[in-house]
């Protein structure tokens, strides 16, 4: 009997996701290994707090594992994980506001938004909500536009970083982003959820 040993570190992300959807824990662990440093840094830029960063990171991967079968794979695993993390961060931020554990001026999470008043903090929070809702729009965009908008709005990469990621010039990135926003805006106008934020009117 020949036993085939799978070298997960040599598999493509697409293959790892496919195996993870089949409940292959080792495949998911490899996805975690490849994305952990990036995701940790991304979360820490939001929280400015190591304990909160670690908490959100752990819960993010728990949720990703729980819902991996529903992941469509139209974006990279890191992008999807960032979206999950953003939801968790916003939930944590709102909980702090409700419980009044700290003042907005003293809250490290609030500082990440550079907000000095509750009104400004809430405005920043609404902007984050809008970014989250973009995920429902991304699936309806052509891949060429989905990739650039996802990189810019979800991963928050700079033009230069997107240029390197997509292997194209900065000018091409700007052009694609312009048309991606235009298409996304048309889809947003059809989405009633956005109207409560003053969009789509």
Notebook entry, point to check: How many nm is it between the label spots at residue 6 and residue 69, if each spot is 7 Å from the Cα in line with the beta carbon?
Noted result: 1.6 nm
Checklist line | Added length on full extension, which subtracts the Cα-Cα distance from 0.36 nm per residue, residue 14 to residue 181 | finding: 57.4 nm
Item checked: R0 of 25 Å, Cβ-Cβ distance residue 91-residue 144: FRET efficiency to nearest 0.05 -> 0.15
Check: So for the pair residue 38, residue 158, with labels modelled 7 Å out along Cα→Cβ, what separation do we get in nm?
Finding: 1.8 nm
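In nm, what is the difference between 0.36 nm times the number of residues separating residue 45 and residue 26 and their Cα-Cα distance?
Details: separation 19, 0.36 × 19 = 6.84 nm, distance 2.87 nm.
Extending this stretch completely gives an extra 4.0 nm.
Values in this text are rule-based calculations from the coordinates and carry no lab data. Just so it is clear, the model here is predicted, and its values are computed rather than measured. For neighbour counting, all protein chains shown are included, and Cβ atoms are generated from backbone atoms with ideal geometry for every residue, glycine included.
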